[in-house]
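The structure appears below as structure tokens.
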Amino acid sequence: MKDQTIPLLKMPYLKNFVICCTNCVVAFSVYSLCLWFPQIMDQVLLDTSTNGSVACNILQSNNSNQHKDNPQCNETIQTETFLYTILLGAIGMFCSLVLSFILRRFSSKPVMIITLAIAGTAGILLQFITNSYAVAMLFSVEIMFCAMGVTLINATAVSLFPTHVKGMATSLINMMGRFGCFVFATIMGALVAQNCPVTFYVLSGSLFLCSALSCFLP
């Protein structure tokens, strides 16, 4: 284990290893939004404002209402919430099929750069869209394109490292990514409740950063 790990912390592998770890942590963290997707969409669908509100305003408004003196527990889940969850899975399946065909024609690096940038763009647009259907679609795009990003990061990592450290490199990269997913999924509720817009802007900015860092991979 030591013989396979130490070389990754030295040049010429260190730069590629750090970039892949960073990308995997961010992609896995944003992908963990899928755990909150049903709750987020249910609150968006329950919005009764006549002019419509962006998702973050709805989420923060509902959170403040829950801290009133006499909070009411609402166990009703909107039927459309389940439909949007099915839509999320359908988009994921479609994206995976499309990705398999794209990788036959192009290498994983440029596809990864574009995929992470699209996911970041979807996160930014969520701050301006009020239509529930568009919100569901943008959430689905952000989540599923990050899932595709994880696949592409692994594909890129396999091609970057030689055989004697390849297995350890991909294992450590995925371990870091899954740890990031665990941490972010745990604190996601608190972050959204405190400052939802900043949370999504930071996530989108991180995705753009990962897209830019990927340009430095060979």
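Numbers below:
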quantity: Search result, residues across the stretch 123-163 that are under 13 Å from V30 (Cβ atoms) and either among the charged types (D, E, K, R) or free of Cβ contacts under 8 Å to residues at least 24 places away in the same chain (or both); calculated: L138, E142
quantity: Filtered residue count, the stretch 164-209, keeping only those that are of a type in the set (G, A, S) and surrounded by fewer than 18 Cβ atoms within 10 Å (Cβ to Cβ); calculated: 7
quantity: Among residues of the stretch 11-46, those that are at pLDDT below 80 and either of a type in the set (K, R) or not in a helix (DSSP H, G or I) (or both), counted; calculated: 1
quantity: Pair list, Cβ < 8 Å and 6+ apart or interchain, from the stretch 1-25 residues that are within 21 Å of F179 (Cα to Cα) to residues that are crowded, with 19+ Cβ neighbours inside 10 Å and of a type in the set (S, T, Y); calculated: I19/S214; C20/T156; N23/S214
quantity: Residues being outside any helix (DSSP H, G or I) and not hydroxyl-bearing (S, T, Y) - total across the stretch 83-128; calculated: 4
quantity: Subset of the stretch 95-125 [among the hydroxyl-bearing types (S, T, Y) and in contact with a Leu (Cβ under 9 Å, 6 or more places away or on another chain)]; calculated: S108, T115, T121
quantity: Filter result for T163 (among the polar types (S, T, N, Q) and at pLDDT 85 or above); calculated: no
quantity: Number of the exception - L217 against (1) without any contact (Cβ under 8 Å) to a residue 40 or more places away in the chain; (2) part of a loop (DSSP other than H, G, I, E, B); calculated: (1)
quantity: Total residues in the stretch 128-162, condition more than 14 Å from the chain's Cα centre (by Cα), of a type in the set (S, T, N, Q) and either closer than 28 Å to F101 by Cβ or crowded, with 18+ Cβ neighbours inside 10 Å (or both); calculated: 4
quantity: Those residues of the stretch 197-215 which are under 15 Å from the mean Cα position of the chain (by Cα) and of a type in the set (A, V, I, L, M, F, W, C), in sequence order; calculated: F200, V202, L203, L207, F208, L209, C210
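The values are calculated or read from the model by the stated rules, or taken from the named source; none is laboratory data. Treat the numbers as computed from the prediction; the structure is a model and nothing was measured. We place every Cβ from the backbone using ideal geometry, glycine too, and count neighbours over all the protein chains shown.
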